[in-house]
1. Going by how many other beta carbons lie within 10 Å of each one, how would you line up H31, H84, fewest first?
2. State, to one decimal in nm, how far the label point of V51 lies from the label point of H275, with both points 7 Å from Cα in the Cβ direction.
3. Measuring from label point to label point, each 7 Å out along Cα→Cβ, what is the R93 to H164 span in nm?
4. Starting with the highest mean, order 95-107, 47-59 by the number of other Cβ atoms within 10 Å, averaged over the residues of each peptide.
5. Give me, ordered by chain and number, the residues 5 or more places off T140 or on other chains with an amide H under 5 Å from its own placed amide H.
6. Length gain on complete extension for the stretch S124 to S39, per 0.36 nm per residue less the alpha carbon to alpha carbon distance?
7. Can you work out ³J(HN,Hα) from phi for every residue in segment 232-237, in order, using Karplus 6.51 cos²θ - 1.76 cosθ + 1.60 and θ = phi - 60°, giving whole Hz and x for Gly and Pro?
8. Hey, what do the phi angles of segment 154-167 turn into as Karplus ³J(HN,Hα) couplings, whole Hz, using 6.51/-1.76/1.60 and θ = phi - 60°, x for Gly and Pro?
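Nothing in this text is a laboratory measurement; each read-out follows from the coordinates by a stated rule. Please read these numbers as outputs of a predicted model, since none were measured by experiment. No Cβ is skipped: glycine too gets one built from the backbone with ideal geometry, and neighbour counts run over all protein chains shown.
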Amino acid sequence: MNRYRLVHITEFLYDGPVSESYNEVRLRPIHDERQSCLSFRLTTTPSSRGVAYRDAHGNWVHQFNVLPEHRHLKIEAESVVLVHEALGSVAERLPLADFDKRSQKTTEEYFDYVAPSAYVPHLSELEEMIAAAEGASNGTVGGFAQAASDIIHQRFRYVKGATHVHSSIAHSLSLGAGVCQDFAHLLLGVVRKRGIPARYVSGYLVPGSHSADARQEEVIGGMASHAWVEVMMGEDSWLALDPTLGKPVGLRHLRVAYGRDYGDVAPVRGVYKGHAGQSLSVDVRVRPAVDDAGREQIGQIPAGTVPPPSIIERAQQPAQQAAQQQQQQQ
């Protein structure tokens with residue numbers, strides 16, 4: 001079955017009282033022709049009411065405030081997602097030469113996905129990988145993107161802790177190592193510097209079987225949270241690539257948010273008032289949405305949970321602080 005239940009829990013413990021906590025999360029999975037978000041529930045402890053809106057990249061953003069004093073904040077997002085079989089695209093065979101002829105129009109339409117960003121600057125060190133990918137590309141846009149992904153997978157080592165959440169591709173290039181966030185940023189750097197739009201994808205990797213490959217995926221996935229890239233093939237057709245695993249993106253890749261880089265898709269960010277320090281824990285669980293008898297089930301929202309936030313449409317809000325943490329206010 002391609003139906004999965006996701007639970008993402010973030011907890012902050014403070015060593016003293018804090019108040020006026022303002023937060024935003026991007027935890028609701030994408031709902032489109034390739035993936036259906038069948039249910040979504042966001043609860044907080046202490047309880048809160050919030051609002052939700054779509055940001056500039058089409059992601060659902062939920063904002064909530066906890067104003068009274070508290071020493072603990074728990075954010076729990078629970079979803080049921082159905083992933084659909086992907087259809088092949090002839091756009092992957094688009095010749096690079098044809099793509100280059102309309103590069104100016106493409107750059108104008110998808111400027112945010114071509115321009116350099118804080119995590120993905122256009123560095124001269126990428127030129128060699130661009131040349132190598134072109135040489136192995138069979139002259140097509142899809143071939144170039146796949147070759148670039150393969151090069152990153154082969155040349156860079158997966159080393160947990162080698163970089164940090166704020167690292168740009170310069171760190172990974174100097175170390176020859178990184179994690180899934182870094183490898184996604186590297187692929188974005190190579191493709192964008194070549195003039196091809198590409199976007200960062202945050203999501204989850206559903207655990208596989210108990211094989212050796214699956215155990216390696218568990219280490220790489222990091223509690224199921226994962227990141228990969230989608231490269232534009234033309235006419236709003238996107239090719240998904242996972243340079244970390246070096247395997248095709250398929251039914252076990254669950255999408256949550258799109259962005260220029262990680263800075264646009266941080267799962268949790270916020271600020272609070274107080275001088276207390278904090279500790280953070282994150283627990284992510286992904287499993288098939290079936291019961292012990294093998295029957296599919298979608299959990300019902302029990303009585304007493306926080307009502308769903310009201311939905312409003314407004315412009316993207318400025319980021320308050322780096323991902324998965326909160327910042328003190330004086």
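1. Listing H31, H84 from fewest to most nearby Cβ atoms yields H84, H31.
2. With each label placed 7 Å out from Cα toward Cβ, I get 3.4 nm.
3. Between R93 and H164, the simple spin-label model gives 4.9 nm.
4. Per-residue Cβ counts within 10 Å, averaged per peptide and sorted highest first, yield 47-59, 95-107.
5. Under 5 Å from the amide H of T140 lie the amide H atoms of L96, each far enough along the sequence or on another chain.
6. 26.1 nm
7. In residue order, the calculated couplings are 6, 9, x, 6, 6, 9 Hz.
8. 7, 8, 10, 8, 7, 10, 5, x, 5, 10, 10, 5, 9, 5
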